Amino acid sequence: MPDPTPMTLPQMRRQQKRQLKQIESYSKGGSGKINRERLNKAVQGYLNSRTVRALAIAKAEGVEDNEMASRANALRAKLDAAQDWKSALANCRKHVRWHYEPKSYLGVRQVCSLPTHLKAWHMITKRLLEATHSPGKHIADWSGRGRDRQIKHITEILTCQSLSVVVADVSSAFGSVQPAALHQFLDLPDELIRGALDARTFTFSQNVKKSRDEVFLKYPCYRLPSSGIPPQGLLQGSPASNAIFGVLLNDLAHQLPESLGCFVYCDNIVVVTENEHRAQSVSNALAEYFIRHPAGPFSIKSEIKCLSNSGFEHLGYAFRWSYDRPWVGMSEKNYDRFFSSLEHPSSVGPNGMDYLEACFSACTHEAVWSYARTAIDNDPACW
């Protein structure tokens, strides 16, 4: 079979976008037989596309945009057009290296380094998942729904200081997911779920040196688990895991008592309520929801915070009430990073107000002005 005609990067991306738009359209078209047949055909076409697979492999390799077209065209020519996606996935290397990585505060998590082609399949799966599922408004960390967008939505509903907020996170969220439940929740081909997402079909080995180097650098006295049990459930480090977990929690907002707003960002949850009594009801309902979840059970840690007192933190931001309005700035840890960058600028990454602008665009004006004053006090020449 002749090599495919070379394409520019915009042409390849437009082709992929058209395929995903078609899949999205059929996904919203109902469960009728004809529509399902069209959807299945569109999904098969997407998964079999050499262009889609070549773009994903090149991205998984870390190829820069200015070299993407050349590398993707080379991959398109190399990929066997006669081999369908099921055979390609079955022949994909599935030995995963993993290591312990320190968490932001205390403890460690297992992070996986997927082999290139398996990582590419996870990228393909994520895009397909976003085309075939329509998550509720409470779900973020989804295409077009970033962290700062969610922060701004939370800020909008903080209308008075008497509000109480439930702040929760799911413990060992990814590792607690039962792989068999993925077939129940994900509207994806079974072969794709089994071959690309089910960790039970992979082999694992720990990168002991990387575990020690990364953990001991932050926690010199921390004792790593001796068992070295390989990762389970969803893989930390997979491009698809956050989106999958969002799908698992799609019904959460409808399972809770009435509130002013429920917000989910992967395993981080914030529910804004009118008072502490309502917040306690929400906290109890959250615990019951997660322990009974069909993909779990999951355990959660939750706290009830009063906006007028110490406020609360979420996704690196701090929320509190100041005078007659909400104040949203950096969390304590990120403020320390900001202040340290003023006194000891780093040669890697932004410093001072550049750091604020690059990483925390959802801060309120009052918070930005207070940080600007700190920067000026530290170095008047920076203004």
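Ranked by solvent-accessible area (1.4 Å probe, protein heavy atoms only, all chains present), the residues T132, T116 order from largest to smallest as T116, T132.
Put a dot 7 Å past the Cα of R97, heading toward its Cβ, do the same for A77, and the two dots end up 3.0 nm apart.
In the context of the full set of protein chains, segment 1-140 has a per residue accessible area of 54 Å² (1.4 Å probe). Counting only protein heavy atoms and a probe of 1.4 Å, the accessible surface of the chain is 48% carbon and sulfur. Compared with the alpha-carbon gap, the fully stretched path from N66 to R373 is longer by 106.5 nm at 0.36 nm per residue.
Here the Gaussian network model covers the chain, with springs between Cα atoms less than 10 Å apart; of V328, V215, V264, V215 fluctuates the most.
Take every Cα pair under 8 Å whose residues are at least 6 apart in sequence, average their separation, divide by the length of segment 184-294, and the relative contact order is 19 percent. Pairs of Cα atoms in segment 200-325 fall into 10 Å distance bins, from 0 up to the last occupied one, in shares of 10, 30, 29, 22, 8, 1 percent. For segment 234-250, putting each phi into the Karplus relation 6.51 cos²θ - 1.76 cosθ + 1.60 with θ = phi - 60° gives couplings of 7, 8, 5, x, 7, x, 9, 5, 4, 5, 4, 5, x, 5, 4, 9, 5 Hz, in residue order, rounded to whole numbers and with x for Gly and Pro.
Of the residues V368, V108, the one with the largest accessible area comes first in the ranking V368, V108, computed with a 1.4 Å probe on protein heavy atoms. Here the gap between S340 and D251, fully extended at 0.36 nm per residue and compared with their Cα-Cα distance, gives a gain of 27.9 nm. Within the listed set S70, S226, S176, the Gaussian network model of the chain (springs between alpha-carbon atoms below 10 Å) gives the highest mean-square fluctuation for S226. Here the Kirkwood formula, the inverse mean of 1/r across different C-alpha pairs, assigns the chain a hydrodynamic radius of 23.3 Å.
Among K94, K103, the order of accessible area from largest down is K103, K94, computed with a 1.4 Å probe on protein heavy atoms.
Label-to-label distance for R292 and A181 is 1.4 nm, based on points extended 7 Å past Cα in the beta-carbon direction. Here each label is just a point 7 Å from Cα along the line to Cβ, and for F216 and N40 those points are 5.5 nm apart. Averaging 1/r across all pairs of distinct Cα atoms in segment 153-240 and inverting the result yields a Kirkwood radius of 16.9 Å.
Given their separation in residues at 0.36 nm each and the Cα-Cα distance between them, D354 and Y105 gain 87.2 nm when the chain is fully extended. Using only the Cα atoms of segment 261-383, each taken as one equal point scatterer with no solvent, compute I(q) by the Debye sum, divide by I(0), and report log10 of the ratio at q = 0.09, 0.11, 0.17 Å⁻¹. For segment 261-383, the Cα-only Debye profile gives -0.36, -0.51, -0.92. What percent does the relative contact order of the chain come to when contacts are Cα pairs within less than 8 Å and at least six residues apart? Here the relative contact order equals 18 percent.
The values are calculated or read from the model by the stated rules, or taken from the named source; none is laboratory data. For clarity, every value in this text was computed on a predicted model and none was experimentally measured. Please note: Cβ atoms are built from the backbone with ideal geometry, for glycine as well, and neighbour counts cover all protein chains shown. Ligands, DNA and RNA are excluded from the accessible area calculation, which covers all protein heavy atoms including side chains. Shrake-Rupley method; radii C 1.70, N 1.55, O 1.52, S 1.80 Å.
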